[in-house]
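Student: Pasting in a structure now, in structure tokens, and then I'll have a few things to ask.
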Amino acid sequence: MKSFLYGAIFSAACVIGSAHAQGSKPAQDDTFDMPPANWLLVQTADSVTFDGNILTLKGISPQAITDRPQRMTGSVDTQSFVGDWGKGNDSLLKDPPNASLSSIVDEKEVISVVELTNPKLSGDSLSYAAKVLQGAPPKAGAISTLFIDWWMGPRGGICRHNAWGGTYCVPSYGRYPNPRYYN
């Protein structure tokens with residue numbers, strides 16, 4: 001008897017849901033051009049090494065967020081990020097970024113600040129020439145996160161509002177160029 005009752009409730013829910021779905025409007029395409037913004041690039045890695053000159057992140061996974069008032073998030077292709085390093089009048093090549101490195105060493109957090117130049121990507125490892133500004137990056141560390149300051153981003157892309165009221169962007173890297181952002 002319980003099986004019959006549960007089956008009837010499930011069937012009724014399916015019929016009501018199907019009727020509601022047929023009467024609802026299709027989702028509106030709310031994509032728009034990615035506006036210029038100040039981005040904070042966040043690169044997480046499975047491990048980090050530093051030999052005094054070269055900082056290497058292994059098993060890298062990038063993400064980006066913006067300052068207020070835009071409040072956007074986005075995915076950043078690491079190969080394209082490295083390729084864009086020297087592009088534009090305000091490139092990272094001309095004005096190297098500072099970055100805060102947070103690493104786990106012997107189950108403790110180690111924080112340092114570095115200036116980054118000369119990025120090189122090899123597989124899932126990203127290396128930078130790094131000048132230490134504060135603290136001491138670990139010679140070897142486990143899970144690490146590098147927070148890179150003020151990146152103008154790839155200048156162009158597509159954004160979409162998400163269900164939580166935020167905005168998610170995908171940089172174009174030439175796929176859907178917006179030439180007015182390139183100087």
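The values are calculated or read from the model by the stated rules, or taken from the named source; none is laboratory data. Keep in mind it's a predicted model, so treat the numbers as computed, not measured. Cβ coordinates were reconstructed from backbone atoms using ideal geometry, including for glycine residues, and neighbour counts include every protein chain displayed.
Student: If you check every pair at least six apart or on different chains, which have Cβ atoms under 8 Å apart with a residue in the range 109-126 that is at negative phi first and a residue that is assigned to a strand (DSSP E or B) and of a type in the set (Val, Ile, Thr) second?
Tutor: Partner pairs satisfying both residue conditions: Val110/Ile104; Ser112/Val132; Val113/Val132; Val114/Val132; Leu116/Ile148; Ser125/Thr56; Leu126/Thr56.
Student: Something else now. Residues of the range 83-108 being without any contact (Cβ under 8 Å) to a residue 12 or more places away in the chain and basic (Lys, Arg), which ones?
Tutor: Matches in the range 83-108: Lys94, Lys108.
Student: Out of (1) touching a residue at least 24 places away in the same chain (Cβ under 8 Å); (2) in contact with a strand residue (DSSP E or B) (Cβ under 9 Å, 6 or more places away or on another chain), what's the single condition that is false for Gln63?
Tutor: For Gln63, the failing item is (1).
Student: Now, a different point. If Pro137 meets every condition in (1) under 29 Å from Asn89 (Cα atoms); (2) at pLDDT 95 or above; (3) buried (at least 19 other Cβ atoms within 10 Å of the Cβ) apart from one, which number is that one?
Tutor: Here Pro137 clears every test but (1).
Student: For the range 66-82, which positions are crowded, with 18+ Cβ neighbours inside 10 Å and either free of Cβ contacts under 8 Å to residues at least 24 places away in the same chain or among the small types (Gly, Ala, Ser) (or both)?
Tutor: Hit for the range 66-82 is Gly74, nothing else.
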